[in-house]
Amino acid sequence: MINVRHLTKRYPNHTAVEDVSFAVREQETLVLLGTSGSGKTTTLKMINRLIEPTSGTVEINGIDTQQQAPHELSRSIGYVVQETGLFPHYTVGENIAIVPRLLHWDKDRIRNRTHELLAMLRLPEKQLNAYPDQLSGGQRQRVGLARALAANPPILLMDEPLGALDPITRAEIRQEFRNLDELRRKTVVLVTHDVREALELGDRVGVMDNGRLLQIGTPKELLMQP
Ligand code: ADP
Ligand code: ADP
C-alpha cells in the first residue's frame, strides 16, 4: 500500500535520512524506532510530503505522491502528532472537523461523524465545545486521534502519538489503541523512541539510526537477533 524507495533528505550541513526503503502492507502497522535525531520524523513527513525529499519516491497504491495534490493526500492520510498538534484556538469539535470541512462534507455528516468518534474514543460530549488546554493530556491525545480519523483516511501516520503522556496514561492509551477496530483496519506508520511501544504496537518494526534504516522485521524476528 505504501512503497518508500531510496528516500533521502539532505540539509546543507547534514543528511537527515539516507537511502531508506520499505513497504507497508494494507492494514499493517509499521513502527519506526530510533533515538532522537535518527531521522524518523523526517521520514514520516516525507510520506505525506510535509517535507520534500532530496531524492527517492513514495508511492501510495502504486501512485507517486508527487503526482497527487495536497487535498488528495489529506484524504488518504491522517496525521497524528504529540498533543501540541491541536489548534489551541479551535474547540474540540472544530479541531475534529478540519479535514471534513476541507472536503466539503455537509453539517449533518460532520456532526454525526464527530459524535461517533467521541463515543468511540470515550470522550464526554460536553467537551465538544472545550478548548484543548481545558482537557487532560490523555484526552487531548484522543482528540488528536479523532481528528486524524475524522474523514476515514485509509492511512494513518503517527509521530510519537503518546510522547507527551505520563507512563500510566501511556500504557492505558496504548491498550486502547490496540483494541480499536477502526484503527486496526488502517495502514499505520508510527514513529517512537520507546522500545516497548514499538514491540507492542508494531506488526513490523524498522530500526533507524543516523538517518539509515538498519533493520526491519516482526518484533519476534528483532528480539531473536543476536
Ligand atoms: P527524529 O525524528 O528521529 O528525532 P529527525 O527526523 O527529526 O529525527 O531529524 C533527523 C536529523 O536531521 C537530526 O539530526 C536533525 O537535527 C536533522 N534535521 C531535521 N530537520 C532539519 C532541518 N530543517 N535542517 C537541518 N537539519 C535538520
Ligand atoms: P521532534 O523530534 O519533536 O519532531 P523537530 O522535528 O522540531 O522535533 O526537530 C527535530 C530535530 O531537528 C531537532 O534536533 C531540531 O533541533 C532539528 N531541527 C529542526 N528544524 C531544524 C532546522 N531548521 N535547522 C536545523 N535543525 C533543525
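Each reported figure results from applying straightforward, stated rules to the coordinates on display, with no laboratory input. Just so it is clear, the model here is predicted, and its values are computed rather than measured. Note that we place each Cβ from the backbone using ideal geometry, even for glycine, and neighbour counts take in every protein chain shown.
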For Asp159, Asp64, Asp181, ascending order of other Cβ atoms within 10 Å (fewest first) is Asp181, Asp64, Asp159
Give me Glu221, Glu18 ranked fewest to most by other Cβ atoms within 10 Å of their Cβ, as a rough exposure proxy.
-> Glu221, Glu18
Overall form of segment 115-198 per C-alpha gyration tensor (a/c, 1.5; a/b vs b/c) = oblate
Based on other C-beta atoms within 10 Å, arrange Leu73, Leu30, Leu145, Leu223 from fewest to most.
-> Leu223, Leu73, Leu30, Leu145
Within the chain, what is the number of lysine pairs with alpha carbons under 29 Å apart, leaving out pairs fewer than eight places apart on the same chain?
-> 11
Which far-off residues, 5 or more places away or on another chain, put their amide H under 5 Å from the one on Met208, with H placed in the peptide plane?
-> Leu33, Gly34, Leu214
Note on segment 79-226: alpha-carbon gyration tensor, axes a ≥ b ≥ c; rule is a/c under 1.5 for rounded, else prolate if a/b larger than b/c, else oblate; result prolate
What is the chain's relative contact order, in percent, from Cα pairs under 8 angstrom and six or more apart in sequence?
-> 31
The long-range amide H neighbours of Val17, using H built 1.01 Å from N in the peptide plane and a cut-off of under 5 Å, are Lys9
Relative contact order [Cα under 8 Å, 6+ residues apart], segment 112-217, whole percent = 20
What is the distance in Å between the Cα centres of segment 107-132 and segment 48-102?
-> 21
Please list, in chain and number order, the residues 5+ apart from Leu156 or on another chain whose amide H is under 5 Å from its amide H, with Hs placed from the backbone.
-> Gly78, Thr187, Val188, Val189
